[in-house]
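Since the structure comes first, as structure tokens, the remarks are kept for the end.
The values are calculated or read from the model by the stated rules, or taken from the named source; none is laboratory data. Values in this document were obtained by computation on a predicted structure and should not be read as measured data. Here Cβ is always computed from backbone atoms with ideal geometry, including for glycine, and neighbour counts include all displayed protein chains.
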Amino acid sequence: MNGKRVGESTIRLERPPRVRAWAAVGGKKEKEGPLGAKFDKLFPDTMCGEKTWEQAEVHLQKAAVRTAANKCHLPVSALDLMIAGDLLGQCVASSYAARGTQVPYLGLYGACSTMAESLALSACLLDGGYAQRVCAVASSHFCTAERQYRFPLAYGGQRTPTAQWTATAAGACILTQAADDCAPVRITHVCFGKICDLGVTDANNMGAAMAPAAHSTLRALLRDTDTKPSDYDGIFTGDLGEVGTRLLHELFRRDGIDISGVHEDCGRLLFSKQQDVHAGGSGCGCAASVLCAHLLPQLADGSLHRIVLAATGALMSPTSVQQGESIPGICHAVVFESGEKR
């Protein structure tokens, strides 16, 4: 087995990449949420000055990448690679955002797990010496997701209590492997998850579909690294919401492990209960923006020292749901540490 592998599923990065810069952008509802003041840029409406919602999501992603690059004092064209994803068919928001950058591009679809997947792949490429600067980015938009997966917004359908609200947001991280880079935040381990499908068919209950995958990946990470939940300042899933969070805690309790003291979910952090989002937030942009607006700044200033981002995805399509297929869940985990390696 390769020396970078730890246990069955986890990769230990021998040359941990640095998170050089990050940016979070969002819309009106995100501005009104508890993390609104922490975003780099917020738009007053869902159109973001564009003609369509899909173009608005492209605008969100472009703004996140451009803002992160500006923090590095680099042009976007200086990136070696852009690894991006969204919820739309064939990842059109990401590919259109990358259009014109002249930066090599990889499009990902991991549903709400996309940001963790992008970060994990970026970190592996940097650790292997295949790149020096990589941008990991993910976005989502409430209106584009509703139009694709559920009903036209004009339909005015009643949302179920287990439904989650897709974030109109994007997050971008620029990772580097430069020897002289003194950025304080490092990615030390990644754990790619396995598909978990326990037969959930309700597209309005994604928390139930994704919780088993979060449990599987986190359990593998803890086992492989010989760590326990209390070894981390926080374990952040995204986006299980209220329903999935309760299920995840129950699954760990059956293992004799209590994660409630260190666990929180990005879908519960982005919005407040007063915003009528039912079970919480969701979408690729939810975990991405919470990471960039809320978690990475705390790692950078030393408020947090070691955390796990375990982003989860419901890998469904409108067609598979209409055909009565169950919803496969996935979760990828990334370990962030601040300060120099001890």
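Taking segment 240-265, which residues are part of a helix (DSSP H, G or I), free of Cβ contacts under 8 Å to residues at least 60 places away in the same chain and either hydroxyl-bearing (S, T, Y) or closer than 11 Å to Q164 by Cβ (or both)? Across segment 240-265, the qualifying residues are E242, T245. Looking at segment 130-150, can you tell me whether even one residue there is modelled with pLDDT of 95 or more and surrounded by fewer than 16 Cβ atoms within 10 Å (Cβ to Cβ)? Yes, that holds for at least one residue.
Scanning segment 104-147 for residues that are of a type outside the set (D, E, K, R) and part of a strand (DSSP E or B) yields Y105, L106, G107, L108, V134, C135, A136, V137, A138, S139, S140. For segment 166-190, name all the residues that are over 27 Å from A98 (Cβ atoms) and modelled with pLDDT of 85 or more. The answer is P184, T188, H189.
Within segment 205-234, the set of residues being surrounded by fewer than 17 Cβ atoms within 10 Å (Cβ to Cβ) and either in contact (Cβ under 8 Å) with a residue 40 or more places away in the chain or among the hydrophobic types (A, V, I, L, M, F, W, C) (or both) comprises R223, D231. One residue stands out in segment 22-67 among those that are within 19 Å of the chain's Cα centre (by Cα) and without any contact (Cβ under 8 Å) to a residue 60 or more places away in the chain: the one that is nearest to A145 (Cα to Cα), namely V58. Residues of segment 281-306 that are touching a residue at least 24 places away in the same chain (Cβ under 8 Å) and of a type in the set (G, A, S): G281, S282, G283, G285, A287, A288, S289, A293, A300, G302. The set of residues in segment 308-338 being under 17 Å from R12 (Cα atoms) and surrounded by fewer than 24 Cβ atoms within 10 Å (Cβ to Cβ) consists of E337, S338.
Residues that are in contact with a helix residue (DSSP H, G or I) (Cβ under 6 Å, 6 or more places away or on another chain) and β-branched (V, I, T) were ranked within segment 1-29; the one that is surrounded by the fewest Cβ atoms within 10 Å (Cβ to Cβ) is V6. Tallying residues that are part of a helix (DSSP H, G or I) and surrounded by fewer than 24 Cβ atoms within 10 Å (Cβ to Cβ) within segment 269-294 yields 5. For G261, are the conditions met, namely being touching an Asp or Glu at 6+ places or on another chain (Cβ under 7 Å) and of a type outside the set (S, T, Y)? The answer is no for G261. Step by step: first the residues of segment 304-342, then only those that are more than 21 Å from the chain's Cα centre (by Cα) and under 21 Å from D231 (Cβ atoms), then the one that is modelled with the highest pLDDT. Which residue is that? The residue in question is G339.
It is to be established whether one or more residues within segment 83-97 are more than 23 Å from A311 (Cβ to Cβ) and not hydroxyl-bearing (S, T, Y). No: zero hits.
Checked against the criteria, T101 does not count as assigned to a helix (DSSP H, G or I) and either in contact with a Leu (Cβ under 9 Å, 6 or more places away or on another chain) or assigned by TED's automatic domain parsing to the domain that holds G281 (or both).
The single condition among (1) surrounded by fewer than 17 Cβ atoms within 10 Å (Cβ to Cβ); (2) not in a helix (DSSP H, G or I); (3) not hydrophobic (A, V, I, L, M, F, W, C) that T237 does not meet is (1). Conditions: (1) in a helix (DSSP H, G or I); (2) more than 30 Å from D276 (Cα to Cα); (3) out of contact with any Lys or Arg (no Cβ under 7 Å at 6 or more places or on another chain). L74 meets all but one. Number of the miss? Evaluating L74 over (1) in a helix (DSSP H, G or I); (2) more than 30 Å from D276 (Cα to Cα); (3) out of contact with any Lys or Arg (no Cβ under 7 Å at 6 or more places or on another chain) leaves (1) as the failure.
Within segment 231-278, the set of residues being closer than 17 Å to F142 by Cα and either among the polar types (S, T, N, Q) or not assigned by TED's automatic domain parsing to the domain that holds L309 (or both) comprises S272, Q275.
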